[in-house]
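Single-structure report; data block below.
The numbers here are math on the coordinates, done by the rules we state, and not lab data. Note that the coordinates shown come from a computational prediction; the quantities given were computed from them, not determined experimentally. Counting neighbours? That spans all protein chains shown, and the Cβs are built from the backbone with ideal geometry, glycine included.
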Amino acid sequence: MKKFPENFYWGAATASYQVEGGIENTDWAKAATEGRVPPCGRACDHYHRYESDFDLAKELGHNAHRFSLEWARIEPREGEFDMEAVEHYRNVIAALKARGMRPFITLWHFTLPLWFSESGGFERKDSPQVFARYAAFVAKELGTDLVGISTMNEPNVIGSNGWLRGSWPPFKRFSLTDMVSITNSGRTYEAKAQKGIKNLWLYLRVMKNLARAHNAAYDAIKAEAPAVEVSVVKHVIFFHANWNPINKVIAWFANYFWTSKFMRRTYKKCDSVGLNYYFHKKFGDKAVYEKTDMDWDIYPEGIYGSLKLLSKYKRPLFVSEAGLADEADKYRADYITRQVRAVWQAIEDGMDVRGHMYWSLLDNYEWALGFEKRFGLIEIDYETLERKVRPSAYVYKQICENNGLFPQN
Ligand code: BGC
């Protein structure tokens, strides 16, 4: 049997905006009223149904659960904190503990309070202090209830979708084709190109501020709750290459810009690091992969290389998210099994991995793609809000309950 270390954490993850429902005071909610992203509405109504959702997770053998706090609920106006919201999350934490599940919490998972985004968000020079003030408040109120806190989710995804691709708030875009147009004499092209350059510059500033915000939040949390383990949740794309040395160099640079650059700025202020793994890119690869409903390659083995990339910072690691959109539940069981096997191999090879959270416990709001993509171990009927456990969830249950994989896997 491929056994995992004792006390290994098994579970699934969610994020507040994607499942809770009823959150109106964020940049995403505003973008929805402008028709730029789909509305989120009541989502899975997890805000009111978290107890029964956790019952299901427990039945599915989970001993941990990752979720995020909604910053906009806790700090609805700058510097003003809502004690009712804190009470809600205190109850959520207690509900997990009552079921023997360790809470892994994230302070901020993509959505910003409107007052913050409208005043410049992470473009603001003082944004690290603004974020640290929120972190300090949470640590003071909830620190004693918690073992660990992750400061932020996937800083690179925020930066690239918000300031390079322009697909997420604040919808700023930098594209090389616009840059090429600078040589085109048309005024509109020039204006576009100038805007693009400004956005690139803003992107670099935001990435720096996000790293500073994590570091400031680390200090703020430690000042309030020294025993709490602080981490960052890092999205890693595993860039690798075929035999060709040029492709190997390209992969090295891609890993540097996507993963190492941010990690180098923050790892000293990390007690552990969370890995979100979804995809890989192999330069010079001719293989044809089956695809998830997101059209991403089915390649769960890439989690090994991603863990390896993070392991060089010599911090304990946990898989904070990894999973796939698969409405038909055709690939999920096999995908999870292969992914878990790769994590097991990483541990066998000396990497210090302490937990595995599948994304996601429930189907949920997949950001700019709305509710169509289905990542859940549990299916949601958005009309009736009925929950239905998918067959693959029972395969994962076996892994969780056995703390490992049977030899044939
Ligand atoms: C994010 C989740 C998202 C998932 C699937 C991760 O990058 O943290 O919020 O739903 O990927 O796209």
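Backbone amide hydrogens, once placed in the peptide plane, bring G355 within less than 5 Å of Y9, V319, excluding anything fewer than 5 places away on its chain. Neighbour counting of Cβ atoms within 10 Å sorts the residues F174, F67, F283, F253, fewest neighbours leading, into F253, F283, F174, F67. In this simple spin-label model, placing a label point 7 Å from the Cα along the Cα-to-Cβ direction at both E386 and R36 gives a separation of 3.8 nm. Averaging 1/r over every pair of different alpha carbons in the stretch 255-328 and inverting the result gives a Kirkwood radius of 13.7 Å.
By the count of neighbouring beta-carbon atoms within 10 Å, fewest first, C270, C44 end up ordered C270, C44.
Considering only T337, T111, T384, the mean-square fluctuation computed in a Gaussian network model of the chain, springs between alpha carbons under 10 angstrom, is largest for T384.
Each label was represented as a point 7 Å from its Cα along the Cα-to-Cβ direction; for K140 and E51 these points are 3.1 nm apart.
When both bridge partners sit in the stretch 266-409, DSSP labels roughly 35% of those beta bridges antiparallel. Measuring nothing but how far apart in sequence close Cα pairs (under 8 Å, 6+ apart) lie, relative to its length, the chain scores a relative contact order of 19 percent. Summarising the amide proton neighbourhood of S150: residues at separation of 5 or more, or on other chains, whose placed amide H is nearer than 5 Å comprise I105, T106, L107, S231. Report the residues of the stretch 244-281 in range of a label on L176: point 7 Å along Cα→C-beta, backbone N strictly under 20 Å from it. Within reach of a label on L176: 244-261, 280-281. The alpha carbons of the stretch 102-179 give a radius of gyration and a Dmax of 15.0, 51 Å, in that order.
Among M207, M351, sorting on how many other beta-carbon atoms sit within 10 Å of each Cβ, with the fewest leading, yields M351, M207. With both labels modelled 7 Å from their Cα along Cα-to-Cβ, the K261 to R165 distance reads 1.7 nm. A 22 angstrom limit on the alpha carbon distance is what I want to check against. Which of K291/K312; K30/K172; K125/K198; K261/K282; K208/K248; K248/K286 exceed it? From K291/K312; K30/K172; K125/K198; K261/K282; K208/K248; K248/K286, over 22 Å: K291/K312; K208/K248. The stretch between D295 and E348, if pulled fully straight at 0.36 nm per residue, gains 16.0 nm over its current Cα-Cα span. For the pair Q194 and Q408, the difference between a 0.36 nm per residue extended length and the Cα-Cα distance amounts to 71.3 nm.
Dipole check for the chain: with +1 at the C-beta of Lys and Arg, -1 at the C-beta of Asp and Glu, and the Cα centre as origin, the magnitude is about 1880 Debye. Applying 0.36 nm per residue to the separation of K248 and A223 and subtracting their alpha-carbon distance, the gain on full extension is 4.7 nm. Scalar couplings 3J(HN,Hα) for the stretch 95-105, obtained by applying the Karplus form with A = 6.51, B = -1.76, C = 1.60 to θ = phi - 60°, are 5, 5, 4, 4, 9, x, 10, 7, x, 10, 10 Hz; x denotes Gly and Pro.
Scaling the Cα radius of gyration of the chain by the globular reference 2.2 N^0.38 Å produces a ratio of 0.96. Here is the P(r) of the stretch 204-314: all C-alpha pair distances, binned every 10 Å from 0, give 13, 38, 30, 15, 4, 0 in whole percents.
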